[in-house]
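The values are calculated or read from the model by the stated rules, or taken from the named source; none is laboratory data. Predicted, not measured: the structure shown is a model, and the values here were computed from it. All Cβ positions, glycine included, derive from the backbone under ideal geometry; neighbour counts span all protein chains shown.
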Amino acid sequence: MFTTLERRRQNVSQSVTTTTKIITGHVVSPLSGADRETLDLERGAVVVCDGRILDVGEARTMIDDYPEASVESYGDRLIIPGFIDCHAHYSQMAMIASPGLQLLEWLDNFTFPAESEFADAGHCAEMADFFTTQMIAHGVTSACVYATVHPESVRALFRSAKSKNLRIMTGKVCMDRHAPEHLLDTPELAYEQSRELLEEWHGVGRLEYAITPRFAPTSSVRQLELLGQLAQEHPEAVIQTHLSENPAECAWVSELFPEEADYTAVYERFGLVRKRAVFGHATHVSDSELSRLGSGQASLAHCPTSNLFLGSGLFTLKKNAQIAGLKIGLGSDVGAGTSLSPLVSLNEAYKVSRSVGGPLDSFEALRLATLDSAEALGIEDSVGSLEAGKDADVVILDPETNPVLRMRASHAKTTAELLFATMMLGDDRTIHGVYVAGSKTR
């Protein structure tokens, strides 16, 4: 990835102006490619111009090669790619940390009442702005997010994300049964409103539309047929839904779709298993389902804090990652998940990995929350790593922002050890700075 200055001038339109900046610090980033290597530069630099990464390398070399660029120095703080959240519900921020129930009861008692409030446009705007502000505060620069059944909830999130230049994928939640009457649409309305929102917002700035059946139990056969039709008409769109989160949910799907061999087969029947189809949880899928999901080039969102909070199950990350064609990213799943912080999610992901026999190391964990998540969402050409040509989504981590982490970091002997301690002990306080497409927003 380290090109000569001559080659850079051939490949990049290089009129270095005052808009070009060099961000210096301890650069740590996963690298693209089958070898899954990690870049580790203690005195590194990221060169940014017009919202994109122009170059990455040793700080001294970058400063010499771009003498007219301004320098923004972060000392020995960690410089990493912007975090990516593959599964979140912005409509549930006001009921995060609601206690004590299994998934289906939790939906009835907390989720559906919270989502009912999104019938009000003012509430949509308030919650969308709160969510996107908190994304940045937690170092998240890209996310795949559930809205509600209300079209205005989608527009509000898109508007807020656009104002901050965040990369957001979202869509109207579609459900026409097994939910409160005032939250139900119809098969035809789900199709029409989803198509209208897709045509209105997909590809605007860094925004993309996600076709969003909540999960199989809340959509009729006809609704799933029409959403599958919409997916076929728009292969560029993301698909997001839930899969095999909870044993009672899986049993319910078997009752509702007795003709299908398993939960995944329901989505396969309607053409919803494909590249850029992101299935949340998948804690109770069979080996056959995993193989078929991989064959379809689908993605899974690992949501460890939510799975633990609701007692849903343990995701076998290392085992699942061996499935050919299957992509896996990290999700906060707020509000069942208890934090928007990817550092907190990685803390829990590590503990789960220990419990199922395949512990994550620190570089694998960083990749999970960045480049792996980008690949799961199909946006790896634009984000997920600090590499030339990608959007300049950059996060600065400061291990000295709380006393315990400061003490532990001072005794770390390797980058891997420092990064691991930061993931285990860090939170939103650890986010020292955030650049969204090259603009400093925190």
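Annotations
- Considering the conditions (1) within 30 Å of Ala114 (Cβ to Cβ); (2) surrounded by fewer than 22 Cβ atoms within 10 Å (Cβ to Cβ); (3) at pLDDT below 95, Gly358 is excluded by exactly one of them, (1).
- Evaluated against (1) more than 22 Å from Leu31 (Cβ to Cβ); (2) of a type outside the set (Phe, Trp, Tyr); (3) surrounded by 22 or more Cβ atoms within 10 Å (Cβ to Cβ), Leu346 falls short on exactly one condition, (1).
- Within the stretch 1-56, being at pLDDT 90 or above and exposed (fewer than 15 other Cβ atoms within 10 Å of the Cβ) holds for Gly33, Ala34, Asp35, Arg36, Glu37, Glu42, Arg43, Asp50.
- Count - residues of the stretch 182-204 that are part of a loop (DSSP other than H, G, I, E, B) and under 24 Å from Glu117 (Cβ atoms): 3
- Residue check: Leu405 meets all listed conditions (1) touching a residue at least 24 places away in the same chain (Cβ under 8 Å); (2) in contact with a strand residue (DSSP E or B) (Cβ under 9 Å, 6 or more places away or on another chain) but one, namely (2).
- The criterion of being without any contact (Cβ under 8 Å) to a residue 24 or more places away in the chain and surrounded by fewer than 19 Cβ atoms within 10 Å (Cβ to Cβ) does not hold for Leu184.
- Test for Val383: is it assigned to a loop (DSSP other than H, G, I, E, B), in contact with a Leu (Cβ under 7 Å, 6 or more places away or on another chain) and not basic (Lys, Arg): no
- Residue among Thr370, Thr430, Thr422 that is buried (at least 24 other Cβ atoms within 10 Å of the Cβ), within 24 Å of Ser73 (Cα to Cα), outside the structural domain of Gly44 (by TED's automatic domain parsing) and under 22 Å from the mean Cα position of the chain (by Cα): Thr370
This table checks each residue for (1) of a type in the set (A, V, I, L, M); (2) closer than 28 Å to Ala421 by Cβ; (3) in contact (Cβ under 8 Å) with a residue 40 or more places away in the chain.
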position	(1), (2), (3)
Val266	yes, no, yes
His284	no, no, yes
Ala298	yes, no, no
His302	no, yes, yes
Thr305	no, yes, yes
Leu326	yes, no, no
Glu348	no, yes, yes
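- Sole residue being assigned by TED's automatic domain parsing to the domain that holds Leu346 and outside any helix (DSSP H, G or I), chosen from Met93, Met135, Met169: Met169
- Single condition Glu400 does not satisfy, out of (1) in the same structural domain as Arg206 (by TED's automatic domain parsing); (2) surrounded by fewer than 22 Cβ atoms within 10 Å (Cβ to Cβ); (3) under 29 Å from Ala97 (Cβ atoms): (1)
- Output for the stretch 338-366, where each listed residue is of a type outside the set (A, V, I, L, M, F, W, C) and either not assigned by TED's automatic domain parsing to the domain that holds Asn307 or not in a helix (DSSP H, G or I) (or both): Thr338, Ser339, Ser341, Gly357, Gly358, Pro359, Asp361
- Restricting attention to the stretch 104-150 and to residues that are of a type in the set (S, T, N, Q) and modelled with pLDDT of 95 or more, the residue that is nearest to Ala374 (Cα to Cα) turns out to be Ser142.
- Test: residue in the stretch 215-222 that is within 21 Å of Ala336 (Cβ to Cβ) and among the small types (Gly, Ala, Ser): yes
This table checks each residue for (1) surrounded by 21 or more Cβ atoms within 10 Å (Cβ to Cβ); (2) without any contact (Cβ under 8 Å) to a residue 40 or more places away in the chain; (3) among the hydrophobic types (A, V, I, L, M, F, W, C); (4) in contact with a helix residue (DSSP H, G or I) (Cβ under 9 Å, 6 or more places away or on another chain).
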position: Ile211; (1), (2), (3), (4): yes, no, yes, yes
position: Ala216; (1), (2), (3), (4): yes, no, yes, yes
position: Leu226; (1), (2), (3), (4): yes, yes, yes, yes
position: Thr241; (1), (2), (3), (4): yes, yes, no, yes
position: Asn246; (1), (2), (3), (4): yes, no, no, yes
position: Glu249; (1), (2), (3), (4): yes, no, no, yes
position: Ser254; (1), (2), (3), (4): no, yes, no, yes
position: Asp262; (1), (2), (3), (4): no, yes, no, yes
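- Filter result for Ala277 (buried (at least 23 other Cβ atoms within 10 Å of the Cβ) and more than 19 Å from Leu103 (Cα to Cα)): yes
- Yes/no for Leu230 being under 30 Å from Asp381 (Cβ atoms), in contact (Cβ under 8 Å) with a residue 24 or more places away in the chain, surrounded by fewer than 23 Cβ atoms within 10 Å (Cβ to Cβ) and of a type outside the set (Asp, Glu): yes
- When Ala261, Ala179 are screened for being over 23 Å from the mean Cα position of the chain (by Cα), assigned to a loop (DSSP other than H, G, I, E, B) and farther than 20 Å from Ser312 by Cβ, only Ala261 passes.
- Restricted to the stretch 271-331, the set of helices (runs of 4 or more DSSP H) holding at least 3 residues that are in contact with a Cys (Cβ under 9 Å, 6 or more places away or on another chain) is empty.
- Count of residues meeting criterion [of a type in the set (Asp, Glu) and surrounded by fewer than 18 Cβ atoms within 10 Å (Cβ to Cβ)] in the stretch 142-181: 1
- For Ser244, the stated conditions hold: it is hydroxyl-bearing (Ser, Thr, Tyr) and within 21 Å of the chain's Cα centre (by Cα).
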